[in-house]
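One structure is given below, encoded as C-alpha cells.
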C-alpha cells in the first residue's frame, strides 16, 4: 500500500528565505524546498527518528552548530518510506521590505570609531494568503499538524489535506511530464530525466517542468515519479 497526500499550505505570515542575493536585494523564490518541508511538517522529529539518530543531531529546541545534517536527518525517512516533493505556488503575491542597521562595533568590542555609517538591504518576501501545493508519499497513514512554521522568520502556515489516495506503482516505464518541482538528486537514480528547467536555490537546486522516463504513480490525472528517495550525490 502506498498513500499519497495532496497538501495545500496557506501562509498566514510573510515567508522569507534567501533563494538568491542580488546586491542588497534578498529574494524569496515561490517554491518551498522539500528539505524545508520535511522539517516543517514534523517528519524529522518523529519518535522513530529520535530512536535512530543521536541526540546531538536533533534540532527540536536548540541548534548548537550552524552545520546542516541533511543526510543524517533525512535517511530515516528513506527507511520509513516517506517522501515529500517540493512545494509549488498555486497563487502568491510578494512584498518588499527595507531594513537598515548601523555600525555599532563600539557596543560589541568597545572599539572607538569616528563614523556611524548606516547600511541597508531589502527582502522580497512571499505575502500572507499565498498558497502552495505538494505531495507526501508514505507506506503508512500519517497524522499531520494543522499549523506549521516555515522560513527564516518561522512564519505561520496552515496545512490542509486536500486529497488522499491509495495507489500502486506502474508495472511498466513510460515518458511523462511532471508539472511540479522536483529535487534532481532524488529522482535521477531510478528515472531518466529528459528535459527540465532549473530553479537555482540552496541547498540543492531544484528542477521543474520535468520530462522524464520511468515508473510512476497515477494520482487522478497526474503521473508522479515513483521510487523517489532522499539522496545526497548523483551516484
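The values are calculated or read from the model by the stated rules, or taken from the named source; none is laboratory data. Computed from a predicted model, the values in this text were never measured in an experiment. Don't worry about glycine lacking a Cβ; one is built from the backbone with ideal geometry, like all the others, and counts go over all protein chains shown.
The single condition from (1) loosely packed, with under 13 Cβ neighbours inside 10 Å; (2) at pLDDT 95 or above that residue 116 fails is (2). When residue 228 is tested against (1) under 16 Å from residue 32 (Cα atoms); (2) at pLDDT 95 or above; (3) assigned to a loop (DSSP other than H, G, I, E, B), just one condition goes unmet, and that condition is (1).
Kindly establish whether residue 86 is within 20 Å of residue 149 (Cα to Cα), touching a helix residue (DSSP H, G or I) at 6+ places or on another chain (Cβ under 7 Å) and either surrounded by fewer than 11 Cβ atoms within 10 Å (Cβ to Cβ) or modelled with pLDDT of 85 or more (or both). The answer is yes for residue 86. One residue stands out in the stretch 194-203 among those that are in contact with a helix residue (DSSP H, G or I) (Cβ under 9 Å, 6 or more places away or on another chain) and surrounded by fewer than 17 Cβ atoms within 10 Å (Cβ to Cβ): the one that is farthest from residue 36 (Cα to Cα), namely 198. Here residue 190 fulfils each of the conditions (1) assigned to a loop (DSSP other than H, G, I, E, B); (2) surrounded by fewer than 15 Cβ atoms within 10 Å (Cβ to Cβ) apart from (2).
Checked against the criterion of being in a strand (DSSP E or B) and touching a residue at least 40 places away in the same chain (Cβ under 8 Å), the candidates 161, 204 yield just one match: 161.
I'd like the full set of residues that are surrounded by 15 or more Cβ atoms within 10 Å (Cβ to Cβ) and more than 21 Å from the chain's Cα centre (by Cα), limited to the stretch 165-187. Give the derivation first.
Going through the stretch 165-187, the residues surrounded by 15 or more Cβ atoms within 10 Å (Cβ to Cβ) turn out to be 167, 170, 173, 176, 178, 180-187.
Passing the criteria: 167, 170, 173, 176.
Please go through the stretch 130-155 and give me each residue that is closer than 23 Å to residue 202 by Cβ and in contact with a strand residue (DSSP E or B) (Cβ under 7 Å, 6 or more places away or on another chain), ordered by number.
Taking the stretch 130-155 first, the residues closer than 23 Å to residue 202 by Cβ are 130, 132-136, 148-155.
Result: 130, 132, 133, 134, 135, 136, 148, 149, 150, 151, 155.
Pairing residues of the stretch 211-235 that are in contact (Cβ under 8 Å) with a residue 12 or more places away in the chain and on the phi > 0 side of the Ramachandran plot with residues that are surrounded by 18 or more Cβ atoms within 10 Å (Cβ to Cβ) and part of a strand (DSSP E or B), at Cβ distances under 8 Å and at least 6 apart in sequence or on separate chains, gives 214/225; 227/214. Just checking, does the stretch 26-34 include any residue being surrounded by 15 or more Cβ atoms within 10 Å (Cβ to Cβ), modelled with pLDDT of 95 or more, part of a helix (DSSP H, G or I) and touching a strand residue (DSSP E or B) at 6+ places or on another chain (Cβ under 9 Å)? Looking for residues that are surrounded by 15 or more Cβ atoms within 10 Å (Cβ to Cβ), modelled with pLDDT of 95 or more, part of a helix (DSSP H, G or I) and touching a strand residue (DSSP E or B) at 6+ places or on another chain (Cβ under 9 Å), one finds at least one in the stretch 26-34, hence yes. When residue 180 is tested against (1) in a strand (DSSP E or B); (2) under 27 Å from residue 79 (Cα atoms), just one condition goes unmet, and that condition is (1).
Right, residue 156: closer than 18 Å to residue 84 by Cβ, part of a strand (DSSP E or B) and under 17 Å from the mean Cα position of the chain (by Cα) or not? Considered against the rule, which asks whether it is closer than 18 Å to residue 84 by Cβ, part of a strand (DSSP E or B) and under 17 Å from the mean Cα position of the chain (by Cα), residue 156 comes out as no.
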